[in-house]
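Engineer: Okay, here's the structure, questions in a sec.
The values are calculated or read from the model by the stated rules, or taken from the named source; none is laboratory data. As the structure is a prediction and not an experimental result, all values here were calculated from the model. Ideal geometry is used to build each Cβ from the backbone, glycine not excepted, and the neighbour counts take in all protein chains shown. To get the accessible areas, we keep the full protein, side chains included, count just its heavy atoms, and leave off ligands, DNA and RNA. Shrake-Rupley method; radii C 1.70, N 1.55, O 1.52, S 1.80 Å.
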Amino acid sequence: VMLAAIAAANAHSARAEEPRLAPFIADYDVKYGSMSVGSSRTELRGAAVPGQWLIESRTKASGLAKLIAGGTLVQHSTFELDAGGLRPLSYRFDDGTKKSRHDIALDFDWGAGRVKGIAEGAAVDIAVETDLQDAASMQAFVLLRLNGGTEPGMVAMIEKDSVKYYHYTLLRRERLKTALGELDTLLYRSARDGSTRETLLWYAPALGNVTVQAEQRRDGKKLFQTYIKGYRPGT
C-alpha cells in the first residue's frame, strides 16, 4: 500500500516539473482472452483554448463482439495544463448504443470545488480533491508524471458518483516485442485496495511513455488486452 506521505511527495515533485505532454495518435488491437474483439484509437491533442488539452479514446467492436456492442464506445476529457499540474474540466462517456442509460457527462468546477453532472442516469455532485482525475484524463496524468521523471504513485479518479484510489506500482523494465518492433518498456501495475481487478500497463519511454500494451485481469485471469499496432506524433 502506498503511504499518503509518498503520494503527497509525488504530487509536489510533479508540480515542480514543467508540463511535458506531446500530441500523439495510437492505434490498438483489442482482445478478450485469445479472441480478437475490436480495435481502439487514443488521441492526445491541444484544444482550441491555449493551455487546454483533449484526450479521446474510441473503441469499435468487431466479429461476434459487434453483436453485443454494435456502436463505437467513445470517452474523452478536456483538461487544463500549467505549472500547477493537470486538472480535468469535462468528461464525456458514450457506450455506443442508442440508449443513454450508461452514458456519463461530468463537469469540473475547480473554483467552486465541485464535480457535477449525470452518470448512468443519476445526478452527480461531489467535492473535488487534489489531483482528482476522470477515466480519460488519468491516462494523460500518468504520462505527465512519467515524462517528468516522477512515479505515478496513487491517483484519485472519479467513477460515476464516487472517488476511487488507484496505486501504480513499477514491476520491472521489460524489452517487449510489438507491431512497431522491439521496445524498452516500463511495466506498471494499477489496482485499487481490496479489488480483485488489476491492470498491467507497458509504457514505452521512446514514444513519450505511450502505452504499447495493457492487460486487464481479475483474480489473476486475463480479461481484455490491448496491443499497439500504430503510432504517430500529433500536431
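Engineer: Hey, what do the phi angles of segment 30-36 turn into as Karplus ³J(HN,Hα) couplings, whole Hz, using 6.51/-1.76/1.60 and θ = phi - 60°, x for Gly and Pro?
Structural biologist: For segment 30-36, the Karplus curve yields 10, 10, 10, x, 9, 9, 6 Hz.
Engineer: Show which lysines lie in cross-link reach of residue 221 when reach means a straight Cα distance below 20 angstrom and same-chain residues fewer than eight apart are skipped.
Structural biologist: By straight Cα distance, residue 221 reaches 31.
Engineer: Once you mark the GluC sites (Glu not before Pro) that are in a DSSP loop and have at most 14 other Cβ atoms within 10 Å, what is the longest gap between them in the chain?
Structural biologist: In the chain, the maximal stretch lacking such sites is 1-119.
Engineer: Further question on the same structure: Please check: in the Gaussian network model of the chain (C-alpha springs, under 10 Å), which one of 137, 39, 195 has the largest mean-square fluctuation.
Structural biologist: Answer for the Gaussian network model of the chain: 195.
Engineer: Next question. With r as the distance between the Cβ atoms of residue 48 and residue 206 and R0 = 22 Å, compute the FRET efficiency 1/(1 + (r/R0)^6) and round to 0.05.
Structural biologist: The computed FRET efficiency comes out at 0.15.
Engineer: Counting only heavy atoms of protein chains, what accessible area per residue, in Å², does the chain have with a probe of 1.4 Å?
Structural biologist: Details: 12130 Å² over 235 residues.
With the other protein chains kept in place, the chain gives 52 Å² per residue.
Engineer: Just to check I understand the Karplus step: with θ = phi - 60° and J = 6.51 cos²θ - 1.76 cosθ + 1.60, what whole-Hz values come out for segment 91-106, glycine and proline as x?
Structural biologist: Going residue by residue, I get 9, 10, 9, 10, 7, x, 9, 6, 7, 10, 5, 9, 6, 9, 9, 10 Hz, with x marking Gly and Pro.
Engineer: Let me ask another. So which of 60/160; 177/222; 98/229; 98/177 end up more than 27 Å apart, counting from Cα to Cα?
Structural biologist: 98/229; 98/177
Engineer: Just the Kirkwood number for segment 103-175, please: inverse of mean 1/r across all distinct Cα pairs, in Å, one decimal.
Structural biologist: 13.5
Engineer: Can you list the HN-Hα couplings for segment 163-177, worked out from phi with the Karplus curve (6.51, -1.76, 1.60; θ = phi - 60°), rounded to whole Hz and with x for Gly and Pro?
Structural biologist: Rounded to whole hertz, the list is 9, 10, 10, 10, 9, 9, 10, 6, 8, 5, 8, 9, 7, 10, 7.
Engineer: Given 20 °C and 1.002 mPa s, how large is the Stokes-Einstein diffusion coefficient of segment 23-66 in µm²/s, with Rh as the Kirkwood radius over Cα pairs?
Structural biologist: Values: Rh = 11.8 Å.
This corresponds to a translational diffusion coefficient of 181 µm²/s.
Engineer: Could you check which residue among 76, 102, 167 shows the biggest mean-square fluctuation in a GNM of the chain with a 10 Å Cα cutoff?
Structural biologist: 102
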